[in-house]
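Everything below concerns the one structure shown next.
Please treat every number below as a calculation from the coordinates, not as lab data. As the structure is a prediction and not an experimental result, all values here were calculated from the model. Methodologically, a virtual Cβ is constructed for each residue, glycine included, from the backbone with ideal geometry; neighbour enumeration extends over all protein chains shown.
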Amino acid sequence: MNAETPALRLPILDFRRVDGPGRPQFLEDLRRAAHETGFFYLTGHGIERSFLDDLFALSRRFFNLPEAEKIAIEMVNSPHFRGYTRTGWEHTRGARDWREQLDVGAERERVTVAANEPAWLRLQGPNQWPAALPELRPAILRWQQEATQLAIRLVRAFAASLGQPEDIFEPIYAERPNQLVKIIRYPGRDATESEQGVGAHKDSSFVTILLQHEQSGLEVEGPDGWIGAPPLRGSFIINIGELLEMASNGYLRATIHRVTTPPAGRDRLSVAFFLGARLDSTVPVLDLPPALAAAAKGVAQDPMNPLFREVGKNYLKGRLRSHPDVARRHHADLLSAEELAKPAGPGGAY
């Protein structure tokens, strides 16, 4: 059954029900949660709690490294947008985000891109890893693998909940999905300029799987204001991304969310995984059952974040905007004269 408590106002779904006798009711609960809030807690996911605890311990060790060790793998070194981002080095809608983070994508070889080939091919390449913490690499890659398997199971369940074949999205994620892991630390308010850990935004993926440590701060936009999503031990937060919004013509809506800065003297750790479609694919539009099609609101239009169904084009657009220092160093030929004239400082979060 779905469960809600005053402290946890988002739905809680037990993923063990997806393959059992309660599957029809689970799919209905999943569809309702995805349609109404776009966010829910997921329990019964099958990923070992001890491994998740170890992942947080390694994240803490990474963020505790000397600044020089982290700067050595700063994202600006990578044309593939991989690596470390310093606190305050990103903005969301013009305001500075107070978090430091490490971005890790699929571990693949860099390709040489010809002038007549799509620019998004430049996104493929190796990650940057801290020399002082070799244990981090296998742990993050294990998380990437296990989270990918879970995310694909969720995408198949979303498809079934919409009256579609479970494998309808497989052609656009099979073999080489776009995978991104972020380990993130939000400093306490005594070390920041504002209450903005990360500003209000949507995710561009199919789904996001978020693992929270002990400190709250995530808030989800609801019809009557912001809904807190505090950590629930043993669970993940799942949210809909813009790929599913586009595919369902807005029946599933990518929900705006933000993170507020922790209180003074504390910080917040989280580990996020984003499952995206293959960069060479195009997002289809599903033929929904009539009752669901009638409730679809259409894809949200945001002049600050235009959406493209060409997945590689859409993802590259976001990376160039989020990290203008990387864009100017490695991809200046893709930027307009206006973009090149802007200061080369921090960028936007999405």
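Here the sum of -39500 (n - 2.57) over DSSP H runs of 4 or more residues, divided by the residues of the chain, equals -8500 deg cm²/dmol at 222 nm, to the nearest 500. Among 105-116, 36-47, 231-242, sorting by the average number of other beta carbon atoms lying within 10 angstrom of each residue, highest first, gives 231-242, 36-47, 105-116. Starting from the Cα of residue 329, step 7 Å toward the Cβ, then list every residue of the stretch 118-145 with an amide N under 13 Å from that point. Residues passing the 13 Å test: 128.
Taking the Cα centre of each part, how many Å lie between the stretch 140-184 and the stretch 54-88? Comparing the Cα centres of the stretch 140-184 and the stretch 54-88, I get a distance of 26 Å.
The listed peptides 297-306, 164-173, ordered by packing as a protection proxy, come out as 164-173, 297-306 (highest mean of other Cβ atoms within 10 Å first). For the peptides 277-290, 22-35, 201-214, the ranking by mean Cβ contacts within 10 Å, running from highest to lowest, is 201-214, 22-35, 277-290. Here the chain is treated with +1 on each Lys and Arg Cβ and -1 on each Asp and Glu Cβ, and its dipole about the Cα centre works out to around 240 debye. For residue 180, the residues 5 or more places off, or on other chains, whose built amide H falls under 5 Å of its own are 274, 276.
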